[in-house]
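The structure appears below as structure tokens.
The values are calculated or read from the model by the stated rules, or taken from the named source; none is laboratory data. If you're wondering where the values come from, they're calculated on a predicted model, not measured in any experiment. Virtual Cβ from ideal backbone geometry, glycine too; neighbours counted across all protein chains shown. For the accessible areas, the whole protein counts, side chains as well, though only heavy atoms, and no ligand, DNA or RNA atoms are used. Shrake-Rupley method; radii C 1.70, N 1.55, O 1.52, S 1.80 Å.
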Amino acid sequence: MNNSNKVIPLRTLNTIDDEASIWLVKLDNGNLSDQSRKELKTWLSADKRHPVALKAMADVWDDMDEILMIIDNKDSSVKVSIWPILKPIFKPVMLAASISFMALLLWVGMPNDVHKNSYATLIGQQMDATFDDGSIIHLNTNTHIETEFSDNKRIIKLVKGEALFEVAHDPNRPFIVYAGDRLVQAIGTKFVVHLKSEDIQVTVTDGKVKMSKVALNTTLTDINDLTNTAIQKDDVYIIKGEKVVVTQDKTPTLTFIKAENMARELSWLNGKLIFVNEELSDVIEEINRYVEIEIVLNDPTLHDIPISGRFDLKDSEALIEAIELSFNMKSERIGSNKVLLTKKI
């Protein structure tokens with residue numbers, strides 16, 4: 001067949017506007033099938049005039065009054081040309097459309113298979129959540145994570161705080177936690193990541209993880225684009241019963257945790273804090289993560305006192321009372337959110 005005999009009609013602006021208006025109706029209904037989503041993306045990329053037309057209509061929806069005022073303005077040819085198409089269709093639903101389109105426009109720019117979510121707890125709160133893949137997350141106090149799951153990877157950004165991850169095995173979709181300047185990739189496992197002001201701590205309770213270094217403020221999209229080779233650069237493997245602490249650019253420190261100590265480290269999952277011969281200053285720092293009041297040791301000589309005990313996270317008053325009785329101290333409230341601990345004279 002001679003291709004030169006083919007006649008391809010030029011697509012007019014009116015035709016494109018008609019198609020754009022139809023897509024906006026579908027978007028406003030909010031029930032696009034997966035096939036329709038693919039067709040929309042194909043339409044947007046097929047002609048550079050398509051996204052222009054769609055944006056023009058978004059402008060119409062966002063400011064109808066202004067367009068009605070300038071309808072006779074000869075410099076507004078593009079807006080005037082599409083308004084006769086839109087007016088009979090969209091005038092009854094202008095307000096709803098202007099709201100829904102802005103949210104859907106954000107969706108249009110995202111890959112079809114990407115699902116984003118955000119989870120957060122307040123001081124003293126804890127939360128469990130199960131992802132669609134069957135993985136389970138346990139958020140500790142004052143924690144915030146952002147998730148981005150696709151057909152290729154499962155990525156979680158630990159913005160702050162501490163979380164335990166029980167990862168559902170899926171060799172085709174790596175499970176990666178991004179915290180600070182580190183990536184922690186699960187290899188069928190259960191592990192805790194704690195992002196502190198000075199360091200990042202990773203504790204593996206089952207299985208194995210791989211820790212890699214990346215640049216700070218790497219976006220989730222950039223992480224999704226990393227190849228396995230890039231992720232493996234300067235990596236550290238952590239197995240069950242091990243804990244790694246990374247402070248800024250220093251070499252990661254790895255320690256082995258006994259089974260009884262592991263249970264103590266995870267006691268927050270049961271609403272408890274357990275300490276065994278730990279310095280009082282460290283105990284107070286840990287307790288302060290879970291209570292809205294700040295406990296302050298006024299006397300530096302108190303910092304190194306060893307302390308052991310089991311405390312209920314829901315009862316901050318009992319915590320303070322136990323410290324008072326055990327170490328001959330007295331507490332003084334300063335305002336509504338601070339308690340000062342001092343030695344009794």
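The helices (runs of 4 or more DSSP H) located wholly in segment 172-290 that include 1 or more residues which are within 30 Å of Lys338 (Cα to Cα) occupy 259-265, 280-287. Pairs meeting the criteria (first residue in segment 151-163 and under 15 Å from Asp181 (Cβ atoms) and modelled with pLDDT of 90 or more, second residue small (Gly, Ala, Ser) and not in a strand (DSSP E or B), beta carbons under 9 Å, at least 6 apart or on different chains) are Leu158/Gly180. Within segment 274-283, the residues that satisfy the criterion of being more than 15 Å from Lys330 (Cα to Cα) and surrounded by 12 or more Cβ atoms within 10 Å (Cβ to Cβ) are Ile274, Phe275, Val276, Glu278, Glu279, Ser281, Asp282, Val283.
Considering the conditions (1) at pLDDT 85 or above; (2) under 28 Å from Ala129 (Cβ atoms), Glu278 is excluded by exactly one of them, (2). Could you tell me whether Leu266 is aliphatic (A, V, I, L, M), touching a residue at least 12 places away in the same chain (Cβ under 8 Å), under 20 Å from Glu198 (Cα atoms) and out of contact with any helix residue (DSSP H, G or I) (no Cβ under 9 Å at 6 or more places or on another chain)? No; evaluated as a whole, the condition is false for this residue.
Please enumerate the residues belonging to segment 169-222 that are closer than 21 Å to Leu266 by Cβ and modelled with pLDDT under 85. Those that are closer than 21 Å to Leu266 by Cβ and modelled with pLDDT under 85: Ile187, Gly188.
Residues in segment 313-342 that are touching a residue at least 12 places away in the same chain (Cβ under 8 Å), in a strand (DSSP E or B) and surrounded by fewer than 13 Cβ atoms within 10 Å (Cβ to Cβ): Lys330, Lys338. On inspection, Glu294 fails the criterion of being open to solvent by 80 Å² or more (accessible area, probe 1.4 Å), in contact with a strand residue (DSSP E or B) (Cβ under 9 Å, 6 or more places away or on another chain) and modelled with pLDDT under 85.
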